[in-house]
Number of protein chains: 2
Amino acid sequence: MFESAELGHSIDKATFEAAVPALREALLEAQYELQQQGRFALLILISGIEGAGKGETVKLLNEWMDPRLIQVSTFDQQSDEELARPPAWRYWRQLPAKGRIGIFFGNWYSQMIQGRVHGRLKKAALDQAIDGALSLEQMLCDEGTLIFKFWFHLSKVQMKDRLKALQDDPLHSWRLSPLDWRQSKTYDKFVRVGERVLRRTNRDYAPWYVVEGVDEYYRSLTVGRILLEGLQAALKTKNRPLAQPHAAPLTASLDERSLLDSLDMGQSLAKAEYQQQLASEQARFSGLMRDKRMRRHALVAVFEGNDAAGKGGAIRRVAAALDPRQYRIVPVAAPTEEERAQPYLWRFWRHIPARGSFTVFDRSWYGRVLVERVEGFCSAADWMRAYDEINDFEEQLTDAGVVLVKFWLAIDQDTQLQRFKQREAIPFKRFKITEDDWRNREKWPLYRDAVGDMVDRTSSEIAPWILVEANDKRFARVKVLRTINAALEAAFGKD
Amino acid sequence: MFESAELGHSIDKATFEAAVPALREALLEAQYELQQQGRFALLILISGIEGAGKGETVKLLNEWMDPRLIQVSTFDQQSDEELARPPAWRYWRQLPAKGRIGIFFGNWYSQMIQGRVHGRLKKAALDQAIDGALSLEQMLCDEGTLIFKFWFHLSKVQMKDRLKALQDDPLHSWRLSPLDWRQSKTYDKFVRVGERVLRRTNRDYAPWYVVEGVDEYYRSLTVGRILLEGLQAALKTKNRPLAQPHAAPLTASLDERSLLDSLDMGQSLAKAEYQQQLASEQARFSGLMRDKRMRRHALVAVFEGNDAAGKGGAIRRVAAALDPRQYRIVPVAAPTEEERAQPYLWRFWRHIPARGSFTVFDRSWYGRVLVERVEGFCSAADWMRAYDEINDFEEQLTDAGVVLVKFWLAIDQDTQLQRFKQREAIPFKRFKITEDDWRNREKWPLYRDAVGDMVDRTSSEIAPWILVEANDKRFARVKVLRTINAALEAAFGKD
């Protein structure tokens, strides 16, 4: 969920200062248009990690726009009046009117996450709070409120640095926060609970925007741009636009740094090392699959990746460890006629393994947010809601004891070119390369963005994405097997 | 929730037989059109009380339509294969393809309700099951499935009669049902849990249709007509119509029997009796409001009713028992400019009393599904979703300890006419009667339907509607006060 927001995004001061005047003018203009139309309100929810620049960013927004039309509300301790009424009353009384902007600090999300981290809320109560938030936001959207939910993020290391830097700042009092962020486990719990909350409350009409907070220029410009694009899109659409998906929820990073670019693609294994490690991981895998505890679990492995990244070869090495009766491989291509007549996920549900069994998906349900998104095979609304549907689907799998591992096999463009040429040169591999492959290659940047969004929105504690550096096939194959083994052991360990 | 389905609806055999041929032809035609368009699937969920004619009705639908395009699925005991996979797998494998009709007996609702009645599911687990059902249905709608949810209902007495009648029927084996319906408490629990489930899973794109099952002609014709109207409407609309509200979810009863018509309007109180009972209930009310236990509660009384039904007089009798500092009366008329700039419920949230206090709403949030619906002040989509929003709102109130009583003061048309004329004759009452009142009177049948739907969709254990027979003002006033007192005592008793 937070992968892309721990890359150390930054832009330099000059770029920032060059960009601000135009952004500011456009924001102001949009703000006045919002007021003039008087057709909907803008509600901005601010959440995230301590020290990630929440307050500074809101301060800046007030400077950039007309503060007379912005109301900032903080929800710390409940007042006597608030305590005497239903919990939502405090939010209702602060809602922005149509034409205006409301910024909610310490909103319902902060309350539920803090409550859970504190241990005041049990897991079921957290789920109820999540439902409450969803109903409230759905209703607000239906009634004409455009909602932006920002999560300001820092990695653990970044946060520690930041706390150190703030230590001597007299304006920054730790007493104000109900959580003790100096404790390492506070961060861990907060992020774990936050991830669950974000995963379950991300909706196409009210999506989460995760913003890395470490660099103020990057952070400010990112928030400003997201607000501007979303607001402009909503101002343009007529006829109840607000329950619709946000127009620009997924924007390429300002500093052009992406998750895939951050991989260390130089990793490799020498042949002897490879053979030894492969054999050892295969033996381990074979043993785990025959373990008694496997009866309580099923295993699902999803393989996605660039064309020619070596999915097939990796899958063969996994399968080689097992008796063919122990697994099934489901190659996912264009849907059949029967599959097209069903809801999208139907074609995957039908192949879900029973407990004790193992299914490999060679490409998967992620096609919706990859190829279908990039090629325009489905509408934006369809692939936008697919993130939620996929998270929900995968949660059903893991709740039922399915161990789910998801691999993205990543190669760089040069390696891909080289492999394409090799394939064309070798007769028995020629069938593996088509015109489509060359066409897809031209869409490399679109796929890169789609993969980044996919990982950010569907990688979670229950079903993390494993990015596999696959320029070296040997390294990739061993990493895949090792990851599967570790996932099985972790699941067995929890039984 | 089930009020209108316990009235003893029935139609005679001749009417039924006269109506069937046309209905049947239209259903068949719609079914073939569904197949030809191949644009969406039709999913019918069958739930409800044992013996209410679920099986018979589905059998009839298969006779009326082309059974080759209908697949009926029952979900009783899970098979070994199903037990080895996530719970939803069994539903996915039976989903109807686009162009076809699927009928699910013993679907997710039956499972969760039985589980809760059995005690296998805790309350929080029931809520999670409810969430799962909502996500699934939302996704199915988005993916092109038109969903009808039928609840076949019987009152307790009706059910007992029915069980007796079926006792000697060798085809009807009680062993098949996992619940023992011969036990009186089974019915009570089932209805209580069912009400909660219906209340929380009623959505405008997948509403519940509660059908009284006692008379086979009424039941069959009602189901057939609902299906036909909904299906025809969906066939007509293009562009993703299915997540939209059903076109005809609220249809006037076939036999013209309505909840309001079923009231015994002859009830009255003689003056001496009235004075004595009124004084006694007022004293009781005054005592309850000063009770220590009131500190943990607030009291909200909602007054709705026909024009000239005596709301004002009833409210005065309630207020007379108290010190003016103990209550506030909120008269609800057209919203102010400030209120119009906010979500609909905002104007009511702002008046929610603190614990220990009492607020009377003279007209209320139900305006949305009464006057706004009838007069067309909001779109059908707006008032359709208002039922869910209101249920959610009221649940938040009662969860926070608010005792909520809702009165519909009902008079008949003759009484209204008489009172209108009296008002015109008495100078100081003349301001109480306007052109609007006369106009509203012409819409009597529309209001009657709106009130019936309102009660059916928003009366629940946590916030029941009290229909007050108000032809006799004295009777009405005492009933109002007595109801408030009983509600307070019940709440105190639970503390």
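Where helices (runs of 4 or more DSSP H) fall wholly inside region B:44-125, no range has 3 or more residues that are of a type in the set (S, T, Y) and modelled with pLDDT of 90 or more. For region A:24-41, the criterion of being modelled with pLDDT under 95 and within 28 Å of A:Q111 (Cα to Cα) is satisfied by at least one residue. Take the conditions (1) of a type in the set (V, I, T); (2) more than 30 Å from A:K185 (Cβ to Cβ); (3) not in a helix (DSSP H, G or I); A:V20 misses just one of them, which is (3). Any residue in region B:35-47 that is surrounded by fewer than 16 Cβ atoms within 10 Å (Cβ to Cβ), more than 14 Å from chain A (Cβ to nearest Cβ) and not acidic (D, E)? No; the residues of region B:35-47 include none that is surrounded by fewer than 16 Cβ atoms within 10 Å (Cβ to Cβ), more than 14 Å from chain A (Cβ to nearest Cβ) and not acidic (D, E). Taking the criterion of being of a type in the set (G, A, S), over 18 Å from the mean Cα position of the chain (by Cα) and more than 11 Å from chain B (Cβ to nearest Cβ), the residues of region A:124-155 that qualify are A:A129, A:A133. Being at pLDDT 90 or above, assigned to a helix (DSSP H, G or I) and either touching a helix residue (DSSP H, G or I) at 6+ places or on another chain (Cβ under 9 Å) or not assigned by TED's automatic domain parsing to the domain that holds B:D392 (or both) holds for only one residue in B:L163, B:L227, B:L146, and it is B:L227. Checked against (1) surrounded by fewer than 14 Cβ atoms within 10 Å (Cβ to Cβ); (2) more than 24 Å from the chain's Cα centre (by Cα), A:P445 passes all but a single condition, namely (2).
Test B:D323 against the stated conditions and say whether it is more than 9 Å from chain A (Cβ to nearest Cβ), in contact (Cβ under 8 Å) with a residue 24 or more places away in the chain and more than 21 Å from B:I462 (Cβ to Cβ). For B:D323, the condition - more than 9 Å from chain A (Cβ to nearest Cβ), in contact (Cβ under 8 Å) with a residue 24 or more places away in the chain and more than 21 Å from B:I462 (Cβ to Cβ) - is not met.
The residue list B:D264, B:D362, B:D307 contains one member that is closer than 30 Å to B:G452 by Cβ and touching a Pro at 6+ places or on another chain (Cβ under 6 Å), which is B:D362. Answer with yes or no whether B:P96 is within 14 Å of another protein chain (Cβ to nearest Cβ), touching a strand residue (DSSP E or B) at 6+ places or on another chain (Cβ under 6 Å) and crowded, with 20+ Cβ neighbours inside 10 Å. For B:P96, the condition - within 14 Å of another protein chain (Cβ to nearest Cβ), touching a strand residue (DSSP E or B) at 6+ places or on another chain (Cβ under 6 Å) and crowded, with 20+ Cβ neighbours inside 10 Å - is met. Taking the criterion of being surrounded by fewer than 21 Cβ atoms within 10 Å (Cβ to Cβ) and either within 14 Å of another protein chain (Cβ to nearest Cβ) or among the small types (G, A, S) (or both), the residues of region A:349-363 that qualify are A:R350, A:H351, A:P353, A:A354, A:R355, A:G356, A:S357, A:T359. The residues of region B:330-388 include none that are at positive phi and among the aliphatic types (A, V, I, L, M). For region B:298-306, the criterion of being surrounded by fewer than 17 Cβ atoms within 10 Å (Cβ to Cβ) and farther than 19 Å from B:L409 by Cα is met by no residue.
Do we find a residue being in contact with a strand residue (DSSP E or B) (Cβ under 8 Å, 6 or more places away or on another chain) and over 20 Å from A:E216 (Cβ atoms) anywhere in region A:51-69? Yes. Scanning region A:376-387 for residues being free of Cβ contacts under 8 Å to residues at least 40 places away in the same chain, in contact with a helix residue (DSSP H, G or I) (Cβ under 9 Å, 6 or more places away or on another chain) and surrounded by fewer than 20 Cβ atoms within 10 Å (Cβ to Cβ) gives a total of 2. Every listed requirement among (1) farther than 26 Å from B:R290 by Cβ; (2) within 14 Å of chain A (Cβ to nearest Cβ); (3) not in a helix (DSSP H, G or I) is met by B:E372 save one, (3).
Within region A:398-442, the set of residues being within 14 Å of chain B (Cβ to nearest Cβ), out of contact with any Pro (no Cβ under 6 Å at 6 or more places or on another chain) and crowded, with 16+ Cβ neighbours inside 10 Å comprises A:T398, A:G401, A:V402, A:V403, A:L404.
Of the helices (runs of 4 or more DSSP H) lying entirely inside region A:409-495, those containing at least 3 residues that are in contact with a strand residue (DSSP E or B) (Cβ under 6 Å, 6 or more places away or on another chain) and modelled with pLDDT of 90 or more are A:473-494.
The values are calculated or read from the model by the stated rules, or taken from the named source; none is laboratory data. Source: prediction; values computed, not measured. Note that each Cβ is placed from the backbone with ideal geometry, even for glycine, and that neighbours are counted across all protein chains shown.
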